[in-house]
Amino acid sequence: MVDSISNVSQKGAHTSLFVSGTNEYCHHGHIAETGIIEHLTQSVYAMYNTNSKAMGKSSPSISLGEIKRFTLYFLPKIEETIKTSVKIVSDSKGSALINATATVGGEVAATCMMKFFIKGA
């Protein structure tokens, strides 16, 4: 659930997602908390896959290990665009700690730390 990705580097990336009323995670005029979490994790996958392609490598195998300190400030509404920043806090020995922040209209909607296990990056 990532519509676009930009500013991709070895340290992070920016992604966006337009919240469509047809999105399976949308209920009662908003995207559900689980939809935001899905978008945050998919943003990390997109970052690693884009970096691998840019280096001429095949996509790495990535597994989510844990989500810590998830804070939801508000649920984005249908027809809004979520803009997300994912930043690599540490990356060593096949695991990475990622800080993610999702905003809507410049207001922070959700934040979290995620741990991923990566093979072939």
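Each residue in the range 41-58 was checked for being out of contact with any strand residue (DSSP E or B) (no Cβ under 9 Å at 6 or more places or on another chain), of a type in the set (Gly, Ala, Ser) and touching a residue at least 24 places away in the same chain (Cβ under 8 Å), and 3 pass. Checked against the criteria, LYS119 does not count as surrounded by 16 or more Cβ atoms within 10 Å (Cβ to Cβ), over 26 Å from HIS27 (Cβ atoms) and not polar (S, T, N, Q).
Condition check for THR50 on (1) under 16 Å from the mean Cα position of the chain (by Cα); (2) at pLDDT below 95; (3) surrounded by 12 or more Cβ atoms within 10 Å (Cβ to Cβ); (4) part of a strand (DSSP E or B): one failure, at (4). For the range 96-112, the count of residues that are surrounded by fewer than 15 Cβ atoms within 10 Å (Cβ to Cβ) and touching a residue at least 40 places away in the same chain (Cβ under 8 Å) is zero. Per the conditions (1) in contact with a helix residue (DSSP H, G or I) (Cβ under 6 Å, 6 or more places away or on another chain); (2) surrounded by fewer than 13 Cβ atoms within 10 Å (Cβ to Cβ), the sole criterion not satisfied by TYR73 is (1). Exactly one residue out of GLU66, GLU79, GLU24 is surrounded by fewer than 17 Cβ atoms within 10 Å (Cβ to Cβ) and in contact (Cβ under 8 Å) with a residue 60 or more places away in the chain, and it is GLU79.
The values are calculated or read from the model by the stated rules, or taken from the named source; none is laboratory data. This structure is a prediction, so every number in the text was calculated from the model and none was measured. Using ideal geometry, Cβ is built from the backbone for each residue, glycine included, and neighbour counts are taken over all protein chains shown.
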